[in-house]
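For reference, the structure discussed in these notes is given below.
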Amino acid sequence: MAVKQFPADYADITSTTTKLLASKADGTTGFALVATLKAALGIILSDVTNNVAVVNGVNIGIGTTLPEAKLDIINTDTGVSNSKGLSVRGGANSSGSYIVNFKDYSDVSRFFVRGDGNVGIGTASPTKKLDVNGDFRCTNAELGISASSSGISAGTYGATESYIQARDSSVNRKMRLFAADFDFNSSIVVSGNITASGTITPGSDKRLKSKIKTLDAGALDLIKKLNPVSYTLKSDKANSLGFIADEVRELFPDLILEGKDKEKMLAMNYMGLTAPIVKAIQEMSATITQLQERISVLEAR
């Protein structure tokens, strides 16, 4: 597209305004461009639709006559559904090129968009789709880390409650961690010690259970077969007391959990052992009561 000055009757070349005509290669008129020189603003370029660009020697404004930054772009087409703002097209679609690189005064990259789409904040070498060098904050929103609706996400409830949660492939919440509470709806496997300064309280509400029945008689005989041992853990060489899960499984299989690891390591529900111990005590108490009654009868003769 060629650009030429309007004829003399269109503009006074001695004035502060000069009109330019943009014409196509075939000679037809394209659009009018007006260049206005104003002492307060600098050079104002405007077309017939009043789109404005201002160059005042300090700042450049597009869509505004009062640019507040080195480059100030304002799109006033708020009522247009397909209105567009700023579009930047980079070069090669590769990690060696970049589309945008915003730097501070010390020439340090603060916001970087690599050619392959990776975005870096505080780094010019983003290795992931979003690579942040430093802390970031998420307010009144949820940050998801997953390939679909499942995975790990973090967010906030209101202005004070923050959480981290994990969902399975069926989008069932398995874990939610608040600043003051921890909600866990699945199994947890820990290789190491767990220390709690408070009380560990398992859920035991009747509404959580089904097929409830009283333990059968004979718990005392089973308890008597348990083999209490002392042992040293191979992991941290700590000495402890307890039972061997392999042996307990033969007596109380419901108290033993087989791991999902390759070795299928066994774990034991020590708290669950309370029930048969209580049952054994009850059986012992009943036997003692019977013996006391027999003794009373013998003493009365």
Practice task
Describe numerically, in nm with one decimal, the distance between label points set 7 Å from Cα along Cα→Cβ at I164 and at K213.
Solution key: 4.4 nm
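Students often check this: by mean Cβ neighbours within 10 Å, which of 247-260, 205-218 ranks highest, and how do the rest follow?
247-260, 205-218
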Fill in the blank from the handout: Using alpha-carbon positions, the gyration tensor of segment 60-130 gives root eigenvalues a ≥ b ≥ c; with a/c under 1.5 called rounded, otherwise prolate if a/b exceeds b/c, else oblate, the class is oblate
Practice task
Take every Cα-Cα pair in segment 214-301 and report what % of them are more than 17 Å apart.
Solution key: 61 percent
Exercise for the section: Before anything else, pin down the relative contact order of segment 214-301: Cα pairs under 8 Å, at least 6 apart, normalised by residue count, whole percent. Expected result: 29 percent
Problem - Estimated dipole of segment 214-301 in Debye, rounded to 20 [Cβ of Lys and Arg +1, of Asp and Glu -1, Cα centre] - result: 160 debye
Fill in the blank from the handout: Violations at 29 Å Cα threshold for listed pairs K209/K279; K237/K262; K234/K264 -> none
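Values in this text are rule-based calculations from the coordinates and carry no lab data. This one's a predicted model, so the numbers in the text were calculated from it and none came from an experiment. All Cβ positions, even for glycine, are placed from backbone atoms using ideal geometry, and neighbour counts span all protein chains on display.
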